[in-house]
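Encoded as structure tokens, the structure appears first; notes follow it.
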Amino acid sequence: MGLRGRVLGLTVTGTLLAVLSAGCGGGDALSKKQYVSQLNAMCEDFSAREKKIGEPQTVRDLAEIGPRVLDAFEQAIADKVRNLKAPDEVADQADRLVELADEQRDVLADLVDAAKAKDVAKVNELVSKNETLNEEANSLTRKLGAQACAEK
């Protein structure tokens, strides 16, 4: 797959993973149904923001719109997800999703930096890393039933 195709898939698949970063925060634990519902709502919010921003077609596009995608991710997901308290029955999965989300945020930030530096080799490396993170996150979200978060 060429750079264009890899960058195209970057934003939607890469950032949805981070939606699933729940499991931390105070208060009473949610039921599994409530937890999944809130994850789905965050994913839908992020997806709508991302569609409004658009998908990068080139490394230059990534340098220009990548910061907005990262901001949207932080507003729709990262800033909210830690307020969710996963039920005990899915706590291990939620903890792993938190770790994946942290990694995803770092990869997205690094992608923006690499694109701004016009470092195509680094962009390709990070897109590949992003795809690996997405695969694991999508598998976990499918198991949880958060279909709006799992890549179709």
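Given axes a ≥ b ≥ c from the Cα gyration tensor, I'd like to know whether segment 30-106 is rounded (a/c under 1.5), prolate (a/b larger than b/c) or oblate. Mind dumping the intermediate values first?
Numbers: a/c = 3.17, a/b = 2.07, b/c = 1.53.
Here segment 30-106 falls in the prolate category.
Which is farthest toward the positive dipole end of segment 49-119 among Ala101, Ile53, Ala72, measuring Cα position about the Cα centre, with Cβ charges +1 (Lys, Arg) and -1 (Asp, Glu)?
The Cα lying farthest towards the positive end belongs to Ile53.
So how do 133-140, 101-108 stack up, highest first, on mean other-Cβ count within 10 Å? Walk me through the numbers on the way to the answer.
Values: 133-140: 19.0, 101-108: 20.5.
With the highest mean Cβ count within 10 Å placed first, the list reads 101-108, 133-140.
Over segment 98-152, consider all pairs of different Cα atoms and compute the Kirkwood hydrodynamic radius from their mean reciprocal separation; express it in Å, one decimal. Walk me through the intermediate numbers first.
Numbers: mean 1/r = 0.0842 Å⁻¹.
About 11.9 Å for segment 98-152.
Work out how much length Arg82 to Lys32 would gain on full extension: take 0.36 nm times their residue separation and subtract the Cα-Cα distance, in nm to one decimal. Could you put the intermediate results ahead of the total?
Details: separation 50, 0.36 × 50 = 18.00 nm, distance 1.57 nm.
Difference between extended and current length: 16.4 nm.
Using the Karplus equation 6.51 cos²θ - 1.76 cosθ + 1.60 (θ = phi - 60°), what ³J(HN,Hα) coupling, rounded to whole Hz, does each residue of segment 40-47 give in order, writing x for Gly and Pro?
With coefficients 6.51, -1.76 and 1.60, one gets 4, 5, 5, 5, 5, 4, 5, 4 Hz.
Laboratory data are not the source of any read-out in this text; all were calculated from the coordinates shown. Owing to the predicted nature of the structure, the values given are computational and were not obtained by experimental measurement. All Cβ positions, glycine included, derive from the backbone under ideal geometry; neighbour counts span all protein chains shown.
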